[in-house]
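Here the structure is laid out as structure tokens; the discussion comes afterwards.
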Amino acid sequence: MRKATLFLACLVALICGTALPAQGHGHDGHAHEVRPITEMETGEFFTNNFVHLMPHQLSEGEVTFLTFYDVNLYQLIVLAILCLVFLPLAVNPNIGGWPYRVLRGWVHWLRDEVVYKTMGEEEGRRFAPFFVFLFFFILTMNMIGLVPHQVTSTATTMVTGALAVITFVMMVGGGILKQGVGSYFKHLLPSGLPAALIPLMALIELIGLFVKPIALTIRLFANMLAGHLLIYSFIGMIFVFAKLLDVSAMSWLPAIVTTVMAVFINIIESFVVVLQAYIFVFLSVMFVQESLHPAH
Amino acid sequence: MLSMILASAQIGAGLAAGLSVIGAGIGIGWIGGSAGNGIARQPEAADTIRGAGIVFAALIEGAALFGIVIGVLALFA
């Protein structure tokens, strides 16, 4: 029992500790000038907030291929958290304590209900570690974004796009390795097609092949971004109402209502966070399975 | 002239967001109705139906968000 409490305390301390780098640098390099809200345009209440959703670089200088963004930092932090949390479980799979029991059950559920159920146990055994990692990686990145002052790595198309590209490479590469190049591209087309339709269908199927990773990218990115935009919009609305009411004592009332709404959206978000990680992994498993074993 | 273009971009963005959300609303409503029907007919399958319904709803939500992202692109890009 004491070990479990210590474990949770360490986790909370780690996540809170990551707030320090986020606060240390001013967002976008330049500090917001402080002005009374009666002098600000209504749009500024929102754009000043939305700016925080853009990834900004931590290193100085020009943008190159290796520029280090805060998004990258948070991916590394997530990796560190995952290592810390799962290392005892990896060393001794039968370790006690309720956090480890929860995690073990979760991993088993992912393996049995998501990967094995679709791919079959024999083949799923090779893919299960990657998909389990993918799930917890995305989940932790999403969850960190819910903590105030933290950065959501998955709210940028670059990170989700990179994850989708990994799935795409697994789809195409796995399909080619399993069936051979000719057979793989032949099986993209439905069998028994009239010869006249083949060029048209080939084009459609080729587009469909590339749409899959793009859909994965946009779905995760847009879901994460939309939740944050909503929360920021509700927070911005506090100032809109305050400006409308000339910063009188009455502006407490709409502020309380919008804050409650923001908290409500945050609660919904915490459900969406788990759901989207699951959807991403579930669809990845489906796509990989589809290209390994084409329907005839 | 420029303000006209900006205004039409904003109208377009609003239409993209609104229409895609209407479509998603119809879709999710349909899923909810069918899931309710299914659970009423076969209460023992409630867990399976609920799980599948949430997954389908999330997929449709993704399609709606495509529209919203296109709208945001039209507004800012």
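Quick note: the coordinates plus some simple rules give every number you see, no bench work behind them. This one's a predicted model, so the numbers in the text were calculated from it and none came from an experiment. Here the Cβ is made from the backbone with ideal geometry for all residues, glycine too, and neighbour counts use every protein chain on show.
Output needed for the stretch A:29-84: three equivalent-ellipsoid semi-axes, defined as square roots of 5 times the C-alpha gyration tensor eigenvalues, in descending order, whole Å.
Ellipsoid semi-axes (Å, largest first): 31, 16, 9.
In nanometres, what is the gap between the two model label sites at residue B:11 and residue A:197, each 7 Å from Cα along Cα-to-Cβ?
The answer from the label model is 4.1 nm.
Please give the calculated 222 nm ellipticity per residue for chain B, where each DSSP H segment of at least 4 residues contributes -39500 (n - 2.57) and the sum is spread over every residue; nearest 500 deg cm²/dmol?
Result for chain B: -34000 deg cm²/dmol, rounded to the nearest 500.
Tell me what chain A gives for mean residue ellipticity at 222 nm when only DSSP H runs of n ≥ 4 count, each as -39,500 (n - 2.57), the sum divided by the residue total, rounded to 500 deg cm²/dmol.
About -24500 deg cm²/dmol.
Kindly provide the GluC sites (Glu not before Pro) of the stretch A:53-115 that DSSP labels as loop, not H, G, I, E or B, and whose Cβ sees at most 10 other Cβ atoms within 10 Å.
Within the stretch A:53-115, the qualifying GluC sites (Glu not before Pro) (loop, at most 10 other Cβ atoms within 10 Å) are A:60, A:62.
On a 0 to 90° scale, report how tilted helix B:46-76 is relative to the longest principal axis of chain B, with both axes built from alpha carbons and the result rounded to the nearest 10.
With both axes taken from Cα atoms, the answer is about 0 degrees.
Taking the Cβ-Cβ separation of residue A:47 and residue A:84 as r and a Förster radius of 41 Å, what is the calculated FRET efficiency to the nearest 0.05?
0.65
Convert each backbone phi in the stretch A:132-147 into a coupling constant with the Karplus relation 6.51 cos²θ - 1.76 cosθ + 1.60 (shift: θ = phi - 60°), then list the ³J(HN,Hα) values in order as whole Hz, x for Gly and Pro.
5, 4, 4, 4, 5, 5, 5, 4, 5, 4, 5, 5, 4, x, 7, 6
Once phi is turned into ³J(HN,Hα) by the Karplus curve 6.51 cos²θ - 1.76 cosθ + 1.60 with θ = phi - 60°, what whole-Hz value does each residue of the stretch A:215-223 show in order, with x for glycine and proline?
Values per residue, Gly and Pro as x: 5, 4, 4, 5, 4, 5, 4, 5, 5 Hz.
How many lysine pairs are close in chain A, with Cα atoms under 27 Å apart and the two 8 or more places apart or on different chains?
For chain A, qualifying lysine pairs total 6.
Can you tell me the FRET efficiency between residue B:75 and residue A:263 if r is taken as the Cβ-Cβ distance and R0 is 22 Å, rounded to the nearest 0.05?
That gives a FRET efficiency of 0.20.
Run through all the Cα pairs of chain A and give the fraction in each 5 Å bin from 0, expressed as whole percent.
Per 5 Å bin, starting at zero, the Cα-Cα P(r) for chain A comes out as 1, 5, 9, 12, 14, 14, 12, 10, 8, 6, 4, 3, 2, 1, 0, 0 percent.
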